[in-house]
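Here the structure comes first, spelled out in structure tokens, and everything after it is commentary.
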Amino acid sequence: MDGTTGDSQTWRLTSVHEYEALIGAETVERLLMKAKKLRDLHVVNVNSTYYGGGVAEILSSLTLLMNAAGIRTGWRVIQGRPDFFSITKKMHNALQGAAINLSDLKRDIYEEVVFENAARMHLDHDLVIVHDPQPLPLIDHFRQKAPWVWRCHVDLSNPHRDLWSYLAPFIERYDAVVLSLPEYAQKITPPQRFIMPAINPFSTTNKELSDAEIEDRLSHYEIPTDRPLIVQVSRFDKWKDPQGVIDAFRIARNEVDATLVLVGNIATDDPEGQEIFESLCKCNEDRIRVLSVQDSALVNALQRRAAVVLQKSIREGFGLTVTEAMWKGTPVIGGKVGGIRHQIEDGVNGFLVDSVDEAAKRIVQVLKDPGLRRQLGEKAKETVRERFLMTRLMEDWLDLIASFEPHFRLRGGSSA
Ligand code: UDP
């Protein structure tokens with residue numbers, strides 16, 4: 001598909017071919033063969049925000065790559081009032097182990113808003129992929145002809161049992177459940193598949209930037225570059241432990257000079273972000289900068305310029321920000337939790353930490369040793385090239401979609 005504006009610019013979707021230098025011609029061919037078998041299928045993804053957070057980041061790239069390969073892949077976003085998103089954020093937190101008071105009123109609001117979305121959605125696709133708890137009950141409102149997949153992105157190692165019991169009947173209706181890791185598996189009837197997310201190396205967040213472009217973004221936000229930068233990029237969310245990052249920085253600066261930058265955005269489906277951002281603003285000072293903006297080029301510039309990137313999460317289904325920084329050859333210090341333990345191999349391509357003190361110790365070590373930074377960074381980039389590029393994610397989805405092939409034939413679908 002091409003799009004032309006005026007007479008100067010022709011827009012083109014990034015295709016699998018563009019990955020050839022990164023993944024090799026053989027993998028490109030294999031992917032295209034798999035995609036060809038599913039050509040013209042009509043697939044739809046449903047989630048709860050167009051931006052802010054990893055799910056939106058993945059969908060914005062993956063849906064286009066699938067379309068470029070001939071699979072008609074759509075993306076719908078459910079709408080909801082702030083009280084709906086306040087409830088679903090509590091569910092998100094409870095899926096990651098927090099307490100929840102699941103009153104009848106909250107259940108009613110949740111189910112009613114999803115019902116209203118179902119009425120507007122007209123899903124008549126060959127395959128429906130529903131992301132995370134917000135749109136989960138949609139399945140109740142469709143006469144199920146096509147396979148439905150629930151893709152849950154959160155850290156499910158210890159979900160709150162009351163919430164899980166409430167959500168389980170919705171989950172049971174799905175034809176498959178996709179989780180990021182085998183350790184998130186639950187006792188449910190639908191088959192469970194495990195697919196780790198991935199990044200698009202050509203997106204604004206990840207593409208190559210010149211030094212001038214990096215300087216431009218940093219100076220635009222008046223970020224000082226006279227000392228090494230320590231960076232965390234995250235939604236303002238308690239599970240990302242921004243306060244722990246500030247505490248670790250305060251300990252580390254007894255031994256090293258540096259500037260800390262915390263940059264975050266506030267997703268439309270995350271009503272807790274503003275309050276957490278405001279509480280962190282109290283920590284703003286000359287060498288601690290807390291910024292709330294949605295600027296993917298700034299994220300890119302910071303991840304490239306940083307001496308070290310932190311992702312000191314205490315829960316993390318899979319941290320895209322970790323993989324993004326690793327792709328830029330920047331060493332990452334990550335919390336030893338969830339998906340991060342599969343993204344970083346401790347001491348090989350980054351460091352895993354359990355506490356503020358350990359994070360501070362690793363910051364000092366990495367800042368004092370440029371050789372170590374280079375070595376970790378090179379390994380980090382190679383890890384991402386091998387395991388965490390969007391083409392691998394696309395192949396995992398193509399394999400899963402192909403496993404529903406008998407359904408498509410029954411529906412008269414177009415897979416050949
Ligand atoms: N992100 C961003 N701006 C910000 C903070 C985050 O663009 O200020 C992006 C980040 O680059 C990444 C995604 O949002 O692509 C966050 O995904 P991740 O898996 O790290 O965490 P989630 O928010 O999904 O828990």
Separation of alpha-carbon centers, segment 354-396 and segment 194-230, rounded to whole Å:
15 Å
Between segment 253-319 and segment 123-167, the alpha-carbon center distance in angstrom:
31 Å
Rg over Rh, two decimals, the chain (C-alpha only, Kirkwood Rh)
0.97
In nm, to one decimal, how far is the residue 164 label point from the residue 186 one, both placed 7 Å along Cα→Cβ?
0.8 nm
Quick calc: nm separation of the 7 Å Cα→Cβ label points for residue 37 and residue 14 -> 2.6 nm
Counting other beta carbons within 10 Å of each Cβ, put 125, 42, 92 in order, fewest first.
42, 125, 92
What is the order of 381, 90, 145, fewest Cβ neighbours within 10 Å to most?
145, 381, 90
Could you please report the charge total around residue 128, scoring K, R as +1 and D, E as -1 over all other residues with beta-carbon less than 12 angstrom from its beta-carbon?
+1
If you take the beta carbon distance between residue 354 and residue 157 as r and set R0 to 22 Å, what does 1/(1 + (r/R0)^6) give as a FRET efficiency, to the nearest 0.05?
0.90
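Length gain on complete extension for the stretch residue 342 to residue 215, per 0.36 nm per residue less the alpha carbon to alpha carbon distance?
Gain on extension, residue 342 to residue 215, equals 42.5 nm.
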Nitroxide proxy distance, nm - points 7 Å out along Cα→Cβ at residue 21 and residue 103
5.8 nm
Between residue 387 and residue 297, how high is the FRET efficiency from 1/(1 + (r/R0)^6) when r is the Cβ-Cβ distance and R₀ = 25 Å? Nearest 0.05.
0.45
Pull out the extension gain between residue 243 and residue 279, defined as 0.36 nm times the separation in residues minus the alpha carbon to alpha carbon distance; nm, one decimal.
12.0 nm
Nearest-5 percent of antiparallel DSSP beta bridges in the chain?
10 percent
Determine the relative contact order of segment 299-416: mean sequence separation of Cα pairs under 8 Å and six or more apart, normalised by residue count, in whole percent.
23 percent
For Cα pairs less than 8 Å apart in space and 6+ apart in sequence, what is the mean separation divided by the residue count of the chain, i.e. the relative contact order in percent?
17 percent
Past 19 Å, Cα to Cα, is the threshold; run 240/381; 89/187; 336/361; 238/312 against it and keep the listed order.
240/381; 89/187
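Only the coordinates and a few stated rules stand behind these numbers; no lab work does. Everything numeric here is computed off the predicted structure, so don't read it as measured data. Cβ atoms come from the backbone with ideal geometry, glycine included; neighbour counts cover every protein chain shown.
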